[in-house]
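Novice: Just passing along the structure, written as structure tokens.
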Amino acid sequence: MKDIPPRYNPKDYEESIYSKWEKSGFFHQEPDPSKKPFTIVIPPPNVTGILHMGHALNNTLQDILIRWKRMQGFASLWVPGTDHVGIATQNVVERSLKEKGVTRQELGREKFVDEVWKWREQYGNTIIRQLKKLGASCDWERTRFTMDKGLSEAVLEAFVRLYDKGLIYRGNYIINWCPRCQTALSDEEAPHQDVEGKLYYILYPFKEGEGIVVATTRPETMLGDVAVAVNPKDRRYKKLIGKKLILPIMEKEIEIIADDFVDKKFGTGAVKVTPAHDPNDFEMAKRHGLEPLRIMSPDGKMNENAGRFNGMDRFEARKSIVAELEEKKLLIKIEKHDHAVGHCYRCHTVIEPYLSLQWFVKMKPLAEPAIEAVKSGKIKFYPKRWTKVYLNWMENIRDWCVSRQIWWGHRIPVYYCENCAKTGIPKSKVKSQKSKIYAGIIVSKTKPEKCPECNSTNIKQDEDVLDTWFSSWLWPFSTLGWPEKTKDLEYFYPTSVLVTAPEILFFWVARMIMSGIEFKKDIPFSDVYIHGTVRDVTGKKMSKSLGNIIDPLEIIDGFSADALRFSIISITAAGQDVFLSKEKFEIGRNFANKIWNASRFVLMNIGLGRQGSRLEAKDLNIADKWILSRLNRTIEVVTKALKNYGFNEAESLLYDFIWHDFCDWYVEMVKPEIMTQGSGLKAGGTKDVLIHVLEDSLKLLHPFMPFVTEAIWQNMKPLQSESPDSLGGILSPSLVSVAGECIKERESIMVSKWPEPEKRYVNKQVESDIEVVKEAIVNIRNIRSDMNIPYSKKLTVNIAPLKAGIESILSDSMGYIKALAQLENLIIDAKLKKPKSSLSAVTENFNMYIPLEGVIDIDAEKARLSKKQDALKQQLVFTEKKLKDKNFMDHAPESVINAEKEKAEAIKEQIRRMEKTIKDL
RNA sequence: GGGCUUAUAGCGCAGUUGGUUAGCGCGCUUCCUUGACAUGGAAGAGGUCACAGGUUCGAGUCCUGUUAGGCCCACCA
């Protein structure tokens with residue numbers, strides 16, 4: 001058994017343990033009426049993505065919950081899957097095609113989509129393999145992909161239902177347009193970033209006479225101006241309303257209109273109106289019956305309406321136009337102007353507000369019950385503050401643009417009758433319920449044979465696909481079989497908790513709540529746990545472009561999956577952002593090694609083959625009682641912490657208990673007893689306590705560090721099951737040979753029972769007694785350290801108790817004190833007085849005297865101390881001299897002076913203490 | 001512009017509903033290769049809890065304000 005290596009080597013265990021778990025079917029979960037369900041759906045990662053630290057944190061949190069609940073006896077289901085992320089994936093595949101010299105347009109839609117599928121076949125499992133390396137205990141048999149048949153069916157069903165309810169409409173509106181991806185984006189997909197911009201003041205001359213100055217940040221859009229607007233209350237312009245202006249460059253006549261929207265204080269108080277390229281202008285134009293004029297094409301270049309700028313890139317056009325205005329002396333001034341501009345969340349290109357025909361979901365009716373669900377407390381956010389963020393967004397929700405001009409995704413289930421479009425059947429004549437909103441439009445899950453209006457078969461499907469989030473928002477129930485009425489759906493829905501990053505609160509969380517209530521008539525989950533964002537040490541978000549990524553796989557390789565998991569949780573305070581650096585993973589690695597070695601000690605001294613445990617009071621000594629009390633209180637507080645999603649609290653409680661209580665104190669206290677008894681199999685008492693505490697500790701730790709706990713668990717005990725299944729992989733080779741045939745496969749720790757706190761072991765009296773014992777030991781060690789007395793020198797210590805009861809506490813634990821402080825003799829007597837040549841320690845419980853006659857050379861020690869004292873005195877003189885130095889006092893900053901003063905005080909104190917010690921000796 | 005959040009030891013962070021002497025990890029100093037572990041053990045140094053007020057018998061914790069970071073949202077061109 002000495003062959004158990006003194007280092008935990010994760011590479012010997014992690015892979016084989018995981019494959020064993022997987023094979024054993026522990027991850028799989030069917031509906032089980034005898035148990036309560038506990039369900040989590042994974043926030044689906046990008047199908048072609050790779051694991052980053054955010055995923056590692058997110059999935060560790062979920063795995064902790066699911067493993068914990070599984071051990072508690074819940075039917076614990078964790079549904080994994082991936083998301084097709086339309087735009088991003090299409091971009092990636094397009095880029096790879098480009099390298100081969102092919103564009104998607106050349107390839108054509110069908111072939112291109114085939115290419116994307118091929119891509120997915122090749123890379124789609126990467127992230128899943130990586131999650132397995134992390135130890136994620138997902139039910140992999142249920143792995144879902146948003147483009148799977150069932151989930152696609154759900155998308156169509158949802159779209160058609162919403163359409164029939166009148167919650168989906170099509171229309172020409174200003175949307176966020178990415179000229180690079182060439183698609184519309186939702187508001188959430190176009191986050192605003194502060195940009196250092198310029199405000200251009202341009203003179204628009206009257207037909208006759210002076211003119212009016214307008215301010216704009218995007219001068220190129222002036223080509224599409226249809227008016228200039230002023231506030232009707234603005235005295236400066238009141239008289240000018242209705243007057244005609246000549247739009248420079250285009251030399252077109254436009255009118256000055258009055259609109260309340262215009263802010264008198266901004267710029268010149270006069271604003272150019274460009275309805276096709278600005279959402280506000282669009283609204284204004286609508287109010288005034290002005291026709292929008294589009295001057296840009298979808299690729300961000302100026303179009304035929306832009307006159308001679310036709311074909312020029314938008315930013316090039318800006319330059320040329322500014323130059324031309326300057327030349328014509330129409331450019332009054334340019335001011336610096338910082339403002340927030342939308343950027344494509346996939347390619348970071350500057351968004352163009354663009355007028356186009358898109359599909360929208362009406363959100364207000366969906367939001368109302370979703371607001372109520374949170375307000376009433378049916379859904380709770382952890383930490384609570386996210387409630388406000390959620391409500392604020394929901395209460396100001398705007399319609400959701402769901403059509404995307406790309407090919408990779410769910411094609412919109414809308415069909416157009418070309419015949420009706422030609423003949424233009426008026427809306428009033430439309431008979432079919434399904435097409436009540438637009439003539440010639442058929443919304444259907446399957447392609448209709450013929451047009452219900454005119455029986456024409458000339459029918460074409462909409463070219464666009466749906467926003468990826470339109471499939472993601474159905475995830476909690478689409479993965480369970482919806483729209484089919486499955487047993488899974490009935491049993492596992494609603495799910496228990498959603499664990500996610502704050503970035504996707506609006507994208508995903510809020511929308512899932514709305515869709516759950518809309519389609520399932522029930523909330524999708526009751527708890528939402530939002531963890532922090534992973535950042536580097538300087539506080540920057542980890543991202544590829546910043547090059548500050550710490551690759552989780554590299555960490556797993558260098559430290560172990562357990563170390564990664566434990567470390568990342570330990571530095572994640574609830575909902576706070578996580579600041580990472582590589583060194584931080586040493587916490588977990590060291591802890592795994594510590595518990596490995598503690599187990600190694602237990603195994604080496606207790607022996608394999610121990611079964612059961614007898615923890616009767618009569619067999620227990622005070623140390624046993626103490627550790628059992630601490631254990632049971634730890635079980636209670638750890639469980640409570642997990643219940644409140646206090647992951648790092650639970651972890652640090654375990655860390656303290658295992659490392660400090662169990663290893664530092666209990667194991668050290670019982671060492672003499674264990675060692676002298678050898679590795680016999682006698683039941684009862686300390687040996688059983690060791691096994692019991694270690695087992696429970698491993699169980700408590702298992703959700704956090706699944707691999708090392710399983711490896712030890714399998715090494716630990718002989719095993720109930722009679723199955724002759726091989727031990728390969730899990731037991732260390734050395735142990736197999738030592739234990740030989742008596743060892744059979746042990747049931748996995750992951751399906752062992754989560755410990756319950758047992759009140760009968762909780763003993764506050766014993767705990768406080770042990771504190772007194774520790775106090776005595778620490779005081780002796782303290783003096784040893786001060787006096788440089790090595791542990792090999794045995795001491796005699798006299799203790800005079802100062803309170804009733806202390807005497808019996810100390811004499812009951814005399815063995816521990818003698819062993820842990822390396823004493824020859826311990827005399828406890830209230831009447832003891834300070835002996836000659838001794839050092840003392842005084843606490844509220846006792847006076848302690850350590851005679852040093854014969855232990856150390858008293859005279860030499862005195863000499864050593866006075867020499868040291870002299871050195872200190874010299875230092876003090878130097879410091880005090882400095883403090884009297886006028887030059888120093890006048891010029892040094894106050895903080896430095898104070899530091900010097902403190903230093904002087906500290907030295908004085910040290911000298912005083914030495915004085916006393918010398919006197920005592 | 002609105003909202004959220006942070007400020008505690010050199011660094012990174014805990015600190016639950018206010019309650020003894022403010023904790024942990026890293027780092028630092030001294031000692032220790034003692035039969036589980038040097039990825040370890042023992043001892044130690046190091047804090048005006050950002051600042052200013054207030055509530056209270058009592059404040060790191062609650063309230064108000066100030067300062068400095070960070071994040072999110074927002075259609076002032």
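Novice: As a test of reading the structure, rank A:LYS671, A:LYS378, A:LYS833 by solvent-accessible area (1.4 Å probe, protein chains only), most first.
Specialist: A:LYS833, A:LYS378, A:LYS671
Novice: In addition: If you add up the charges near A:ALA258, with Lys and Arg at +1 and Asp and Glu at -1, over every other residue whose beta carbon is less than 14 angstrom from its beta carbon, what do you get?
Specialist: Computed value for this residue: +3.
Novice: Starting from the stretch A:153-241, pick out the trypsin sites (Lys or Arg not before Pro) whose DSSP state is loop and whose Cβ has at most 16 other Cβ atoms within 10 Å.
Specialist: Qualifying residues, ordered by number: A:LYS165, A:ARG180, A:LYS207, A:LYS233, A:ARG235, A:ARG236.
Novice: Counting heavy atoms of the protein chains only and a 1.4 Å probe, report the per residue accessible area for the stretch A:798-847 as a whole number of Å².
Specialist: On a per-residue basis, the stretch A:798-847 sits at 49 Å².
Novice: At q = 0.20, 0.21 Å⁻¹, what base-10 log of I(q)/I(0) does the Debye formula yield for the stretch A:32-176 when every alpha carbon is treated as an equal point scatterer in vacuo?
Specialist: Those come out to -1.19, -1.23, one per q.
Novice: Here's another thing I want to ask about it. Tell me the per residue accessible area of the stretch A:1-108 using a 1.4 Å probe; a whole number in Å² is fine.
Specialist: 41
Novice: What range in chain A is the longest one free of GluC sites (Glu not before Pro) that are in a loop by DSSP and have at most 10 other Cβ atoms within 10 angstrom?
Specialist: Formally, the longest exposed-site-free interval is A:1-207.
Novice: For chain A, give the percent of accessible area contributed by carbon and sulfur heavy atoms, probe 1.4 Å, rounded to a whole number.
Specialist: About 50 percent, which is the carbon plus sulfur part of the accessible surface.
Novice: Also, quick follow-up: Å³ per residue of the Cα convex hull, for the stretch A:347-386?
Specialist: Output value, Cα hull per residue: 158 Å³.
Novice: For the stretch A:66-140, just the Cα set please: Rg and Dmax, both in angstrom.
Specialist: Considering the stretch A:66-140 through its Cα atoms, Rg and Dmax are 17.8, 57 Å.
Novice: Considering the stretch A:282-353, what Rg and Dmax in Å follow from its alpha-carbon atoms?
Specialist: 14.8, 40
Novice: While we're looking at this one, here's another question. Measure out, as a whole number of angstrom, how far apart the alpha-carbon centroids of the stretch A:470-501 and the stretch A:280-350 sit.
Specialist: About 45 Å separates the Cα centre of the stretch A:470-501 from the one of the stretch A:280-350.
Novice: Which lysines, if any, have their Cα less than 17 Å from the Cα of A:LYS133, not counting same-chain residues under 8 positions apart?
Specialist: Excluding near neighbours in sequence, the set is A:LYS11, A:LYS20, A:LYS23.
Novice: Beyond a 22 Å Cα-Cα separation, which of these cross-linked pairs lie in this structure: A:LYS149/A:LYS445; A:LYS836/A:LYS862; A:LYS239/A:LYS265; A:LYS794/A:LYS908; A:LYS264/A:LYS336?
Specialist: Beyond 22 Å between Cα atoms: A:LYS794/A:LYS908.
Novice: Here is a further query. Over chain A, how many percent of alpha carbon pairs lie in each 20 Å bin up to the one with the longest distance?
Specialist: Bin by bin from 0 Å, the calculated values are 11, 31, 28, 19, 10, 1.
Novice: Can you list the trypsin sites (Lys or Arg not before Pro) in the stretch A:14-81 that are in a DSSP coil and have 16 or fewer other beta carbons within 10 angstrom?
Specialist: Those satisfying the criteria are A:LYS35.
Novice: Starting from the residue with the highest accessible area, list A:ASP656, A:ASP527, A:ASP194, A:ASP557 in decreasing order, probe 1.4 Å.
Specialist: Sorted by accessible area, descending: A:ASP194, A:ASP557, A:ASP656, A:ASP527.
Novice: What accessible surface, in Å², does a 1.4 Å probe find on A:HIS692, ignoring ligands, DNA and RNA and rounding to the nearest 10?
Specialist: A:HIS692 has an accessible surface of roughly 30 Å² with all protein chains in place.
Novice: Mind checking the per residue accessible area of the stretch A:144-231 for me, 1.4 Å probe, whole number of Å²?
Specialist: Accessible area per residue, the stretch A:144-231: 35 Å².
Novice: Hey, another quick one. Quick one: net charge around A:GLU326, please, counting Lys, Arg +1 and Asp, Glu -1 for every other residue with C-beta under 11 Å from its C-beta.
Specialist: Around A:GLU326, the charge tally is +2.
Novice: Keeping all protein chains in position, work out how much accessible area A:TYR416 exposes to a 1.4 Å probe, and write it in Å² to the nearest 10.
Specialist: Counting only protein heavy atoms, the figure is 40 Å².
Novice: If you count only protein heavy atoms and use a 1.4 Å probe, how large is the accessible surface of A:PHE261, to the nearest 10 Å²?
Specialist: Approximately 100 Å² for this residue.
Novice: Further question: Which values of log₁₀ I(q)/I(0), to two decimal places, follow from the Debye formula for the stretch A:142-230 at q = 0.21 Å⁻¹ with a uniform point scatterer at every Cα?
Specialist: Each listed q corresponds, in turn, to -1.23.
Novice: Let me check I've understood the local charge: for A:LYS36, count other residues with C-beta under 13 angstrom from its C-beta, Lys and Arg +1, Asp and Glu -1. What total comes out?
Specialist: Its environment carries a net charge of +2.
Novice: Helix-only mean residue ellipticity at 222 nm, chain A, DSSP H runs n ≥ 4 weighted -39,500 (n - 2.57), per residue, nearest 500. What is it?
Specialist: -12500 deg cm²/dmol
Novice: Considering only A:ALA215, A:ILE595, A:LEU245, whose Cα is most displaced toward the positive end of the charge dipole of chain A, charges sitting on Cβ of Lys, Arg (+1) and Asp, Glu (-1)?
Specialist: Checking the options against the dipole of chain A, the answer is A:LEU245.
Novice: Related question: Heavy atoms only, 1.4 Å probe, whole protein assembly: order A:ILE856, A:ILE569 by accessible area, highest first.
Specialist: Listed by decreasing accessible area, they come as A:ILE856, A:ILE569.
The values are calculated or read from the model by the stated rules, or taken from the named source; none is laboratory data. A quick note: this is a predicted structure, and the numbers were derived from the prediction, not measured. Virtual Cβ from ideal backbone geometry, glycine too; neighbours counted across all protein chains shown. Side chains are part of the model used for accessible areas, which takes the heavy atoms of the whole protein and leaves out ligands, DNA and RNA. Shrake-Rupley method; radii C 1.70, N 1.55, O 1.52, S 1.80 Å.
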